[in-house]
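Below is one structure, written out as structure tokens; the observations come after it.
The values are calculated or read from the model by the stated rules, or taken from the named source; none is laboratory data. These figures come from a predicted structure and were not determined experimentally. All Cβ positions, glycine included, derive from the backbone under ideal geometry; neighbour counts span all protein chains shown. To get the accessible areas, we keep the full protein, side chains included, count just its heavy atoms, and leave off ligands, DNA and RNA. Shrake-Rupley method; radii C 1.70, N 1.55, O 1.52, S 1.80 Å.
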Amino acid sequence: MSFIKFSEIQKTSQIIKTNNIEIELSSKPVKYYRHGWQSWSLAAWTDPSPLPVQMPAIFHPLQVDAQHVHKKYLNGSWLGAVEFADGDILLLGALATDTNVFLIENQLSGRSEADETEWFIAYGQENVCFEEYVEELGNRLAPHGELKKNNSPRVWCSWYSLYHAIDEPILHRIFDDLGDLPFDVLQVDDGWQMDIGDWEPNQKFPSGMNALAEKIKSTGRRAGLWLAPLIATKSSRLFRGHADWFLRDEHGRFVSAGFNWGEPLYALDSTHPDVTLWLVALMKQVRVWGFDYLKLDFLYAGALKGKRYKDMPREAAYRECLRVMRAAMGADAFFLTCGTPILPAIGLCDAIRIGPDVSHKWEKYRDAILLYNPTIPGTRNAIRTSLNRLWLKPLLHIDPDVAYFESKENSLIQEQKSLLQDLAYICDFKATSDLPQWMTNDELNQLRSFLNTNPKVKQTGRYIFQIDDRTVDFTSATSMPEIPKGLIALWAGFLGWLGDRHFVLRVFKMLDDNALRKRRASL
Ligand code: 9PG
């Protein structure tokens, strides 16, 4: 353990090798930078006091680091920072995986779940501190120039219009209707597979995956595919056939990877040699089908706490698994990680999702205020966290999720859509799911011009940017919701309890599926 007094810290950065480190602050900070564990988890500068535990708890494995969610004091993954009244910040960041930073009273403290590690400390201007941290991270996690990068591809992705209601005829029609819009990749998302765990085409894709990739390539673009290779639903053949491949806790019970698709999810133990072989074969299969843009999702499952076949720190195990999948898919594939613990993915993928999902709604009162959930899909949640992760940009392509242009199936107002489009410019990562059938001529023109434009972007404040000759201020989108109190807090607690019941989640899924059927029918 190393102890440091704030008065000993200079305005030059330093690196200290130790397992645990404590920095005693001399004045009370005005803000704390909490950095959430994986793509969807909250990253934000907030008041230096704890936030309510987000609900429903059943989602914790897939939304936060479940190991730390109930801690009474402020915490974040790998790094943390405090801002003082004069605007200077103190940043403490690990240069290796399996580490956390806590703010406990007047101590900013770093803890390693593994061995001794290098801790980076910088004090001064925010952008300078983060730039220096990023440089050191790059030196360690991508030392052989594995860092980016070719240009980031412009992607059309099927998720945010049709969700899982995709099939072969409709995708073929869309691929044709996209005409000469300047996309580099057409990416098929969730909905093509037999089951989560059973990565073969379902009956909605009768011609098979080769044919689907072929169709995309015939339009002159790269073929992209979504998979969630490290999880399986309880009903999948994979789970039923290979129970011994799945992660268990010290009592031998399966570790929960959360709940989605109306079912409990489980996590593969990627240190099991048979699982490694299976993952390698799966990555190769996807390439043989003809896809070379891979969006691998729900990857947090590779780093959940559990008793592994090989006894090693959980994030180190996950990083090893990414290395194996990367090698199997080939260096020429474009690899986007999603739902991924952030630090372990650096140097092993081309692009990383840096926030939760956007949606055609800005924010829901139930989710944002009552359940106090900043990770649930929603445009405001996505903007908030992505903006707080821009510091990752020198290391890899950063994906803030899609922008919207259509208004037919969308309740975002123009100003909110513009924020998403500007965020895409800032991140230099452009994607959309909008259907040509849903767009007016004017909206189609906006999309075309968005894909063809690369404005000059300059950050002039924490959330303020100069984009060519426009000033864009995101500040109002980044604040945290009000914390529920009194009767509202009681009601919220009851809703959270309801949200943990499988049958309630299944009812909500039925309602969502119904709404989706209606959307689909309008095509
Ligand atoms: C496909 C989608 C899309 C999307 C991914 C991921 O319950 N949740 O908190 C939750 C978060 C994100 C999520 C699904 C559920 O979306 O980010 O782009 O590929 O999977 O199912």
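Across the stretch 264-296, what is the total count of residues that are over 19 Å from S235 (Cβ atoms) and within 16 Å of the ligand (Cβ to nearest atom)?
6
Being within 16 Å of the ligand (Cβ to nearest atom) and either assigned to a strand (DSSP E or B) or crowded, with 21+ Cβ neighbours inside 10 Å (or both) is the filter here; which residues of the stretch 43-55 pass it? Don't jump to the end; show me each part of the working.
To start, the set of residues in the stretch 43-55 that are within 16 Å of the ligand (Cβ to nearest atom) comprises 43, 53-55.
Matches in the stretch 43-55: A43, Q54, M55.
If T478 satisfies all but one of (1) of a type outside the set (D, E); (2) modelled with pLDDT of 95 or more; (3) over 30 Å from I369 (Cβ atoms), what's the number of the condition it fails?
Result: T478 passes all but (3).
Go through W192, W261 for me and flag whichever is in contact with a Pro (Cβ under 7 Å, 6 or more places away or on another chain) and within 14 Å of the ligand (Cβ to nearest atom). Step through it out loud before you land on a result.
Working: W261 fails: in contact with a Pro (Cβ under 7 Å, 6 or more places away or on another chain).
Criteria check complete, one pass: W192.
Tell me the residue from E118, E131 that is over 30 Å from T460 (Cα atoms) and either at pLDDT below 95 or open to solvent by 10 Å² or more (accessible area, probe 1.4 Å) (or both), please.
One residue alone meets the criteria, E118.
Just checking, which of D167, D177 is loosely packed, with under 15 Cβ neighbours inside 10 Å and acidic (D, E)? Spell out the reasoning first.
Working: D167 fails: loosely packed, with under 15 Cβ neighbours inside 10 Å.
Only one candidate qualifies: D177.
Taking the stretch 350-371, which residues are open to solvent by less than 10 Å² (accessible area, probe 1.4 Å) and either in contact with a strand residue (DSSP E or B) (Cβ under 8 Å, 6 or more places away or on another chain) or within 25 Å of K393 (Cα to Cα) (or both)?
Scanning the stretch 350-371 gives A351, I352, R353, I354, G355, P356, V358.
Where residues in the stretch 74-88 are part of a strand (DSSP E or B) and not aliphatic (A, V, I, L, M), which of them is surrounded by the fewest Cβ atoms within 10 Å (Cβ to Cβ)?
Of all residues in the stretch 74-88, those part of a strand (DSSP E or B) come to 74-77, 79-83.
Checking the rest, the ones that are also not aliphatic (A, V, I, L, M) come to 75-77, 80, 83.
On the way: N75: 23, G76: 25, S77: 26, G80: 24, E83: 18.
Once the filter is applied, the top-ranked residue is E83.
Counting just the residues of the stretch 322-346 that are open to solvent by 10 Å² or more (accessible area, probe 1.4 Å) and of a type outside the set (V, I, T), which one comes out nearest to L396 (Cα to Cα)?
Across the stretch 322-346, the extreme among qualifying residues is F334.
Is there a residue being open to solvent by less than 40 Å² (accessible area, probe 1.4 Å), assigned to a helix (DSSP H, G or I) and out of contact with any Cys (no Cβ under 6 Å at 6 or more places or on another chain) anywhere in the stretch 200-209?
Yes, the stretch 200-209 contains at least one residue that is open to solvent by less than 40 Å² (accessible area, probe 1.4 Å), assigned to a helix (DSSP H, G or I) and out of contact with any Cys (no Cβ under 6 Å at 6 or more places or on another chain).
Got at least one residue in the stretch 82-89 being acidic (D, E) and free of Cβ contacts under 8 Å to residues at least 40 places away in the same chain? First the steps, then the outcome.
From the stretch 82-89, those acidic (D, E) are 83, 86, 88; that's our starting set.
With free of Cβ contacts under 8 Å to residues at least 40 places away in the same chain added as a condition, the list becomes 86, 88.
Yes, that holds for at least one residue.
If G220 passes every condition in (1) on the phi > 0 side of the Ramachandran plot; (2) within 16 Å of the ligand (Cβ to nearest atom) but one, which one does it miss?
Unmet condition: (2).
Which ones in the stretch 438-497 are open to solvent by 60 Å² or more (accessible area, probe 1.4 Å) and among the hydroxyl-bearing types (S, T, Y)?
Passing the criteria: T440, S449, T460, T471, T475, S476.
Is it the case that W40 is within 16 Å of the ligand (Cβ to nearest atom) and not assigned by TED's automatic domain parsing to the domain that holds L495?
Details: within 16 Å of the ligand (Cβ to nearest atom): yes; not assigned by TED's automatic domain parsing to the domain that holds L495: yes.
In short, yes.
For the stretch 372-399, enumerate the residues that are within 13 Å of the ligand (Cβ to nearest atom), surrounded by fewer than 23 Cβ atoms within 10 Å (Cβ to Cβ) and of a type in the set (A, V, I, L, M).
I376
Yes or no: D434 among the acidic types (D, E), surrounded by 13 or more Cβ atoms within 10 Å (Cβ to Cβ) and closer than 30 Å to D350 by Cα? I'd like the intermediate steps shown before the answer.
On the way: among the acidic types (D, E): yes; surrounded by 13 or more Cβ atoms within 10 Å (Cβ to Cβ): yes; closer than 30 Å to D350 by Cα: yes.
Yes; evaluated as a whole, the condition is true for this residue.
Can you list the strands (runs of 3 or more DSSP E) lying wholly within the stretch 220-262 that have 2 or more residues being closer than 19 Å to L279 by Cα?
Working: elements: 222-227, 231-233, 256-260.
Strands (runs of 3 or more DSSP E) meeting the threshold: 222-227, 231-233.
Could you list, in sequence order, all residues of the stretch 441-472 that are touching a Phe, Trp or Tyr at 6+ places or on another chain (Cβ under 9 Å) and β-branched (V, I, T)?
Within the stretch 441-472, T453, V457, I464, I467, T471, V472 meet the criteria.
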